[in-house]
Amino acid sequence: MFKKLFKSVVAICCLVLSACATGPVDEYREAKGQDSRVKYIILHYTWESLMDSIKILTEQEVSAHYLITDEEPARVIQLVDENRRAWHAGKSQWGTDTNLNAQSIGIEIVNLGPKQSGKKVPSDINQWQAYTSSQIERLIVLLKDIQQRHQIQGKNILAHSDIAPQRKLDPGPAFPWQWLAQEGLGRWYDEHQVASLTRKYKKEGLPSTLSLQKALKTLGYDIELTGDWTSKSQQVLRAFQMHYRPVKFDGRMDAQTAAILMNLRAMEASEN
Ligand SMILES: [Zn+2]
């Protein structure tokens, strides 16, 4: 009798132990109610050579999920798993979202930015290092892949300068946003509508500063609605111009900038 009981206890223990040995999870079932935690893709230039970029992004506190080299042809190096947070965005805001590292994938592109170092930001686009076709072609493939896997909205592919306009300039005015738009990536404006709106504003005057600031805020920019172009709101406007109208990014409102902005705002309104 005791022998039989002993055998049963041993059998139960073995069962429990073998269940434990399979690990903390016994079964995986795919739930319908889920989405990716990744909402944004943030683009950067490294402002350093390839060698220094790799060293800094792997050995220091700053990092990114991907690095696109300036080799010919360009290569894509992954530095952080997409399921983990990379430290690339810093203090940042878009709409009501803040500190975007937790919700974004960061892509650094090897590019030196302004050719001349110094405190003054070069106002001529030719004074900024151009991106190579090979870099942009690799970036487009990578963006399409990430966007599809995480279901990221086009308007959430952003510049570091968009989400931190008081601190950052990258990926700079030489970055070809329009090329990305032609590939269906990112947010872009209707060129015909903008041309006619530009003519209208030149003839009839610009919308009020407050309504232009509200439009920037509606798109996602962190801007105070002061009703006048403070130096902080000019920095925001410069970020907007570097993204959408890079031939002139002086942070001053003009008819074409206003037309692009109001056209994008109208598109945003029709989406909601
Ligand atoms: Zn950056």
Subject >> Residue pairs, from the table 39/232; 55/91; 168/248, whose Cα atoms sit over 21 Å apart >> reply: 39/232; 55/91
Original post:
Viscosity 0.890 mPa s, temperature 25 °C: Stokes-Einstein D of segment 123-227 from its Kirkwood Cα radius, in µm² per second?
Top reply: 152 µm²/s
Subject >> Crossing angle, helix 191-204 versus the chain [Cα axis fit, 0-90 degrees, rounded to tens] >> reply: 40 degrees
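Could you provide, to the nearest whole Å², the per residue accessible area of the chain with probe 1.4 Å? Walk me through the intermediate numbers first.
Numbers: 15780 Å² over 272 residues.
With all protein chains present, the chain gives 58 Å² per residue.
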Original post:
Between the helical axis of 231-244 and the dominant principal axis of the chain, each derived from Cα atoms, what acute angle in degrees is found, rounded to the nearest 10?
Top reply: 80 degrees
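In segment 40-182, carbon and sulfur make up what percent of the accessible area (probe 1.4 Å)? Walk me through the numbers on the way to the answer.
On the way: 3440 of 7130 Å².
Whole-percent figure for carbon plus sulfur exposure: 48.
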Original post:
Kirkwood hydrodynamic radius (Cα pairs, Å) of segment 82-176?
Top reply: 14.7 Å
**OP:** Evaluate segment 191-271: find the radius of gyration of its Cα atoms, find its Kirkwood radius, and give the ratio Rg to Rh.
**Re:** 0.93
Original post:
Nearest 10 degrees, 0 to 90: what angle lies between the long axis of helix 255-271 and the longest principal axis of the chain (Cα atoms)?
Top reply: 40 degrees
**OP:** Amide H neighbours of residue 92 under 5 Å, at least 5 residues apart or on other chains, H built in the peptide plane: list them.
**Re:** 99, 100
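Once neighbouring chains are kept in place and the probe is 1.4 Å, which whole percent of the accessible area of segment 191-271 is contributed by carbon and sulfur?
Result for segment 191-271: 49 percent of the exposed heavy-atom area is carbon or sulfur.
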Original post:
Under 5 Å between amide H atoms, partner at least 5 residues away or on a different chain: which partners does residue 159 have, H built in plane at 1.01 Å?
Top reply: 43
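With a 1.4 Å probe and all protein chains in place, put 243, 150 in order of accessible area, largest first.
Values: 243 10, 150 30 Å².
Result of the area sort, largest leading: 150, 243.
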Original post:
For residue 210 and residue 269 in the same chain, what is the full-extension length gain: residue separation times 0.36 nm, less their Cα-Cα distance, in nm?
Top reply: 19.5 nm
**OP:** Return the inverse of the average 1/r over all pairs of distinct C-alpha atoms in the chain, which is the Kirkwood hydrodynamic radius, in Å to one decimal.
**Re:** 21.0 Å
**OP:** Using θ = phi - 60° and the Karplus relation 6.51 cos²θ - 1.76 cosθ + 1.60, list the HN-Hα couplings for segment 33-50 in order, rounded to whole Hz, with x at every Gly or Pro.
**Re:** x, 7, 8, 6, 7, 8, 10, 10, 10, 10, 9, 9, 9, 7, 6, 9, 5, 4
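The values are calculated or read from the model by the stated rules, or taken from the named source; none is laboratory data. All of these numbers come straight from a predicted model, not from anything done at the bench. These area figures cover heavy atoms from the full protein model, side chains too; ligands, DNA and RNA do not enter into them. Shrake-Rupley method; radii C 1.70, N 1.55, O 1.52, S 1.80 Å.
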